[in-house]
Each structure stands twice: as C-alpha cells, then as structure tokens.
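A.B. asks: Sharing a structure here in structure tokens format.
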Amino acid sequence: MAGGHRGGRSTTSGAGSSLLRNIFSYRIFVSAMFTLLFVATLSIIFTTNHDSVLLPSTTKGVPSSSLNHNYIHRTFLALKSNPSRTRLDLIHKQANDHIALVNAYGSYARKLKLDNSKQLRVFEDLSRNITNLITRYSLFSTEQAIDEDVLRQFEKEVKEKVKIARQLISDAKESFDNQIKIQKLKDTIFAVNEQLTKTKKHGAFSSLIAAKSIPKSLHCLAMRLVGERLAHPEKYIDDGVKAVFENPNLYHYAIFSDNVIAASVVVNSAIKNANEPSKHVFHVVTDKMNLGAMQVWFKMRPPQNGSHVEVKAVEDYTFLNSAYVPVLRQLESASLQQFYFENRAENATKDANNLKFRNPKYLSILNHLRFYLPEMFPKLHQILFLDDDVVVQKDLTGLWKIDMDGKVNAAVETCFGSFHRYAQYMNFSHPLIREKFNPKACAWAYGMNFFDLDAWRHEKCTEEYHYWQNLNENRTLWKLGTLPPGLITFYSTTKPLDKSWHVLGLGYNPSISMDDINKAAVIHYNGNMKPWLDIAMNQFRPLWTKYVDYEMEFVQMCNFGL
C-alpha cells in the first residue's frame, strides 16, 4: 500500500514537469517565429529601397559594401525631415512670387504708358536681378548637403531684393492707382464730350427749327391779311411808282423781308425816331407769296408823319433771273438741291456751329438782293440797307452826312482780338483766297449798311460779286451765305463806322451791356432768338415789342405776343 502510494506521487510529479517544459518550448518557438518574420520584413523593405535608388547603371563596378552604406544612408535621410531643404524651397518660392509681382507691375506700367520711364527701367532691372539670384538654386544639388553659410548668404540677398521689390511696388501702387483714376477720368470726359457734341448738334438743329419755323400767330396774321386782300381787292390796287420813290434828295431805306410784323417794326421804329419823317422813304421788297400781306398791312396802317413806303415783289425786278444772277442759277443746280434735300450722311454738317449754313433761307433770293441795289434803284445815289430783325432807336440821317472817302460800303466792324477775322469766313487753304485776301483783315456786319451807289457803280462791285460767286459754285471758297461774298466784294471799299451806330448780338448774346444798347442808333437781333419768337431773350424783347402795332385788328385777332 505504501509502495503504491509513493508510486502514484512520483507519476503526478513527472507529468507536471513535462507540462512546464512544453509551455516553455512553445514560447521560445513563438518568439523565434516573430524574430524571423521581423528580419524577413526588414530584408524585403531594404531590398526594395535599394533597387529603386541605385539604378543598374550606377551599381556597376561599385563594391557591395559601399552600395549598402549608401543605401542605408539614403534610406534613413529619407525617413527624417531636412530643415535646410525646406528653407531653400521657401526662399525660392518667395523670390519667384516677387518676380511675378515685379513683372506684372512693369507690364501694367507699359500698358498705362506712364511718363516715368525711369520707374519702368527699375522694375525691369529688379526682375532681372531676382532671376539671377534664383539661378543660384541650381548650386544646391540634391546629391549634396546644403552648406548653412551659403544658404544663409543666399537668403540674405533674396530678402534684400524682396524688400526693394516691396518698397518699389508700394510706391508704384499709389502712382498706378492715380493713373487708373486719371484714365477713368479721361474716359469719362471723352464720353461726356461725345454726348455733349451730340447734344449740341441736336440743340443747334432744334434751335434752327424753332428760329426758322413760322409761329402760329404770325401765320394767322399773314392769312388774315391775304384774306382781306381777296375780300376787298379794290382797296389795294397798286398806285404805281410815285415820284417820291425815285427822289435822290430824300433818305431812302431798303428792307428785304418775308415777315410782315418784322418789316413793320423796322419802318415804325425808324419813323418814330426820325427828326423829319416826311423825308424818309422805305422800299420794302418781299416774295410773291407775301406780297399781298405786305401791301394790305401798309395800306391799313400807313406810315405816320408823312413818310413813304413802297412795297414790291422780287418778281417785279425782271433782270433778276438765272441768266444774270449766279446764285439763282446755282440754286437750280442738282448738286445744291442734293446738299439741301437729299437725306444722306455725307450731306450732314458735322460741326454743329456750321449747321446754320444748311438753313433754307440761303436758298432765298431775298437774301442776295443786297448785291443788286444800284440796279434796283437806278435813280438813287445813296441808300441805307436794314435787316428786318433790327430796331432803330435814333435818327439815322447823320449817315448821309458821313464823308465816304470814295468807299462803297459803310459798316461797323465786328473784329476784336482774333475773332471775326476774314479767316473765319473763307477757305484760306484755297490758293485764290490766300492770294487775294488777308486772313487777319477785320470783318464787318451786315444789318445796317450805308451804300454809296455811285461809288458802287464806279467800282463795278456787282460784277466783282458775280466773279467770285461763279467761282464758288462748288462751295470751296466759302460756305453758303451773304457775309463771305460781301466781305470779298467790298474788301477794299468799306469804311468803318463808330460802333454806336450798330450794336449786334441781341439774338444770341445775353451779356450785352445795356449802356451800349441805349447808346446805339440801331440794335440788331442777329442770331436765332428773334424777338417775335417764344425763344427770345426776355431782357431784350421789350426794346422790340414797343414798336409793334398792337392796335392793328388782325394782330389782336391772332393773339400776337400772348
């Protein structure tokens, strides 16, 4: 029993020892296996890196120990960061960025066409310098370690260039901003000027229409007068030529007009301010369409204080035909009719100031009768020509007492400074004009002109007018109108008058002195703002309206002036 028991204990004890040995052996086995796996993994990793870094061409003739050393060195360099390389990349990027900025500002400076070319050269030089610094990046080979001192020097130089670039850009930015503002302002000014030009042209055209259109009240007046003529023809039979109309010892006036109320104001103002009205004779010439209205007016409202009025039509002067009068022949030409009536772009006057030359009044022979005074009044020696937009404020007989010194035309000169010289009215690029006339010669005004008809006949002024009018058929010597040919015709035969005889501009200039107006013998509403129009200037209008015959029944019926 005892032996069996001891045998049992020894068996149990042997089994426990065997179990411990088995467990210990298993742990050793596992550890060994992990060690082998780790070594295998490292071997695979090292072999892959080695093959990728060292190309076959670079490994020939190189000892394996050296290859292993290089591969291990490169592997561990790649596995950890390189602060020097990062610094170099940042410096390189900063330099490149500032090169781009400098080039951009330089390009913009060229675009803006800056006057400061020195600044543009500075931009170009700075860009070139920074680019040269950038090339130093190639000195730092990826195969070599970056020398800290060289890197520090490179960084210092780049920072200096960057500082200069920033300062230059900072200074230039304000200049560019101002230049941009200036350019925008120029663009705005250009656009406004374009708009202003268009507006001026439209304004001039509208003003022309307003000035040359017949107001309803004036149209009504003319129709009433013609209606009266048709209703009572026996009252308005022409009395024929009276001896007083040809008496050279009287004071004769020539008024050419198709405006009844305007012609009546000229006659009425001259009579009321004349010292001896009975010695004044007024020759009113109109066109055939307005002849009846003019005759009825001066029959119904005959001149006061014994003065005389003769009313005739242009057609009554039979010598005024296209065979004799160049302007009538030209008015019949196809080219002039195209200029006025064809709606073509090349016919449009580009300059708004010259739009007036497309005014149809220049087609009217009434505007050119002033060049035929000696033939229209063959028995007269002197005559005073008055436009229908003037008002007489004083006795004008003093003009007949002026010594004309053999001159044909007595007129008030209009030049002051460089204004209203011959150069403004004629084409001095034409050789004929340039040869015959002085561009600085002083111009004078039509509207109140005293003519010595005997001197006119002696100087053959009408023939002179015909000569130049024929040359200007294609309008190369001057634009349409009567002042340029008048300046030419009476170039050396005009006597200047004192300015107090004739004050102009009441139809366009609001700044005329009232002292000058009050001292003037004749005031002239030349311009578009005629006193019988709604667009007239209010400060000057009463000087004209006080001579309107508002008691005339047809004036009242047509509500003129209201």
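A.B. asks: Using only the alpha-carbon atoms of region 216-558, report the extent along each of the three principal axes, biggest first, to the nearest angstrom.
C.D. replies: That works out to 57, 48, 42 Å along the principal axes.
A.B. asks: While we're looking at this one, here's another question. Would you report the distance distribution of C-alpha pairs in region 438-562 as whole percents per 5 angstrom bin, up to the bin with the largest distance?
C.D. replies: Going from the shortest bin to the longest, the percentages are 2, 8, 15, 15, 15, 14, 12, 10, 7, 2, 0.
A.B. asks: So, with +1 on the Cβ of K and R and -1 on the Cβ of D and E, and no other charges, what is the size of the charge dipole of region 216-558 about its Cα centre, to the nearest 20 debye?
C.D. replies: 620
A.B. asks: Given the convex hull of the Cα atoms of region 209-263, what is a quarter of its surface area in nm²? Walk me through the numbers on the way to the answer.
C.D. replies: Values: hull surface 22.0 nm².
About 5.5 nm², averaged over all directions.
A.B. asks: Right, another one. Reachable aspartates and glutamates from LYS394, Cα under 18 Å, same-chain residues fewer than 8 places away excluded?
C.D. replies: GLU276, ASP498, ASP515, ASP516
A.B. asks: How big is D for region 220-335, in µm² s⁻¹ as a whole number, if Stokes-Einstein is applied with the Kirkwood radius of its Cα pairs at 10 °C and 1.306 mPa s?
C.D. replies: 102
A.B. asks: Once you've got the Cα coordinates, tell me which of LYS242/LYS288; LYS407/LYS440; LYS401/LYS495; LYS401/LYS436; LYS279/LYS401 are over 25 Å apart. Working shown, then result.
C.D. replies: Details: LYS242/LYS288 21 Å; LYS407/LYS440 20 Å; LYS401/LYS495 14 Å; LYS401/LYS436 32 Å; LYS279/LYS401 15 Å.
Where the Cα-Cα span goes over 25 Å, the pairs concerned are LYS401/LYS436.
A.B. asks: Scan around HIS502 for amide H atoms under 5 Å from its own, H built in the peptide plane at 1.01 Å from N, and keep only partners 5 or more places away or cross-chain.
C.D. replies: When sequence neighbours closer than 5 places are left aside, the close amide H contacts are ALA521, VAL522.
A.B. asks: Sorted by packing (mean other beta-carbon atoms within 10 Å per residue), highest first, where do 231-242, 511-522, 192-203 land?
C.D. replies: 511-522, 192-203, 231-242
A.B. asks: Would you work out which of PRO378, ASN249, GLY406 lies farthest towards the positive end of the dipole of region 216-558, given +1 charges on the beta-carbon of Lys and Arg and -1 on that of Asp and Glu, about the Cα centre?
C.D. replies: The Cα lying farthest towards the positive end belongs to GLY406.
A.B. asks: I'd like to know which of PRO484, TYR425, ALA443 lies farthest towards the positive end of the charge dipole of region 410-489, counting +1 on Cβ of Lys and Arg and -1 on Cβ of Asp and Glu.
C.D. replies: Sorting the options by dipole projection puts first TYR425.
A.B. asks: Compare the peptides 85-92, 264-271, 276-283 by average per-residue count of other Cβ atoms within 10 angstrom and give them in order, highest first.
C.D. replies: Output ranking for 85-92, 264-271, 276-283: 264-271, 276-283, 85-92.
A.B. asks: Using the Karplus curve 6.51 cos²θ - 1.76 cosθ + 1.60 with θ = phi - 60°, what ³J(HN,Hα) values do you get for each residue of region 290-296, in whole Hz, with x for Gly and Pro?
C.D. replies: Those phi angles translate into 9, 4, x, 5, 5, 5, 5 Hz.
A.B. asks: Residue by residue, what Karplus-based ³J(HN,Hα) values in Hz, rounded to whole numbers, does region 516-525 have, using 6.51, -1.76 and 1.60 with θ = phi - 60° and x for Gly and Pro?
C.D. replies: 5, 5, 5, 7, 6, 6, 9, 10, 10, 8
No value in this document is a laboratory result; all are computed from the given coordinates. Computed from a predicted model, the values in this text were never measured in an experiment. FYI the Cβ positions are ideal-geometry reconstructions off the backbone, even for glycines, and counts take in every protein chain you see.
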